[in-house]
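Read the structure below first, then the notes.
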Amino acid sequence: MRIRSAEFVVGSVSESDRPTDGLPEIAFSGRSNVGKSSLINRLVQRKSLARTSSTPGKTQQLNYYRVNDLLYLVDLPGYGYVSGGKQLRGELGKRTEAYLHNNDHLRAIVQLVDARHGPSATDMAMIDWLQANMKTFLLVFTKADKLSRAKLDRMFKELSGQDRLAGLSYTPFSALTGAGRDDVLDWVAAAATDR
Ligand code: GDP
């Protein structure tokens, strides 16, 4: 997909202020500081459409970006890194939970995991939830430029051997170099247009 337009539409804090034009939504989930804003900016080739910051947990709203008047990228609030477990309830925040459980336009989720640390307990709980509830999701390993190819390959091999992660689709990504950008964008476009 070629980006023709990308604009911030709303920072949603309740169901009533979500867009009503019915365009498909692809949501981006991950812990604070995982590189979500950087990934969105890189996808749409705009330096600062989504705010990036090294201060974790700053935004608690759901930010909607309309792309090519075709779909929304929905930036979900980042969740905590340390807490979490099998029980996801309460970890994601009220707004994210309300969004995930009550949304006719949500087509797919891109779940971000920091490549240096691998999935946190909350990431794993989220991945379990995705497997149970979402037909379509992709795991993206961010900041891949910080690891050698050999280390990345070793991590993917290790993860695919784990029962809870076997058979899932994942891809490495670097907002710094752009590696993985076209793959993620094409996946997003396909997920938004497939019915
Ligand atoms: P968010 O809280 O998930 O939106 O994370 P940000 O996009 O604000 O990124 C958090 C920090 O990680 C910032 O200091 C970014 O510059 C850095 N960062 C994000 N993506 C990458 C990446 O692909 N490579 C490297 N080296 N740093 C990154």
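The values are calculated or read from the model by the stated rules, or taken from the named source; none is laboratory data. Values in this document were obtained by computation on a predicted structure and should not be read as measured data. Backbone-built Cβ (ideal geometry, glycine too); neighbour counts: all protein chains shown.
Among the conditions (1) surrounded by fewer than 16 Cβ atoms within 10 Å (Cβ to Cβ); (2) farther than 21 Å from Phe173 by Cα; (3) modelled with pLDDT under 95, the only one that Ser54 does not satisfy is (2). State yes or no: is Ser169 touching a Leu at 6+ places or on another chain (Cβ under 8 Å), more than 10 Å from the ligand (Cβ to nearest atom) and of a type in the set (Ser, Thr, Tyr)? So Ser169 passes the test. Looking only at residues of the range 115-166 that are within 14 Å of the ligand (Cβ to nearest atom) and polar (S, T, N, Q), we find that the one that is nearest to Asn33 (Cα to Cα) is Thr142. Take the residues in the range 69-102 that are surrounded by 14 or more Cβ atoms within 10 Å (Cβ to Cβ) and modelled with pLDDT under 85, then tell me which one is farthest from the ligand (Cβ to nearest atom). For the range 69-102, the residue satisfying everything is Leu88. Each residue in the range 9-49 was checked for being within 14 Å of the ligand (Cβ to nearest atom) and in a loop (DSSP other than H, G, I, E, B), and 10 pass.
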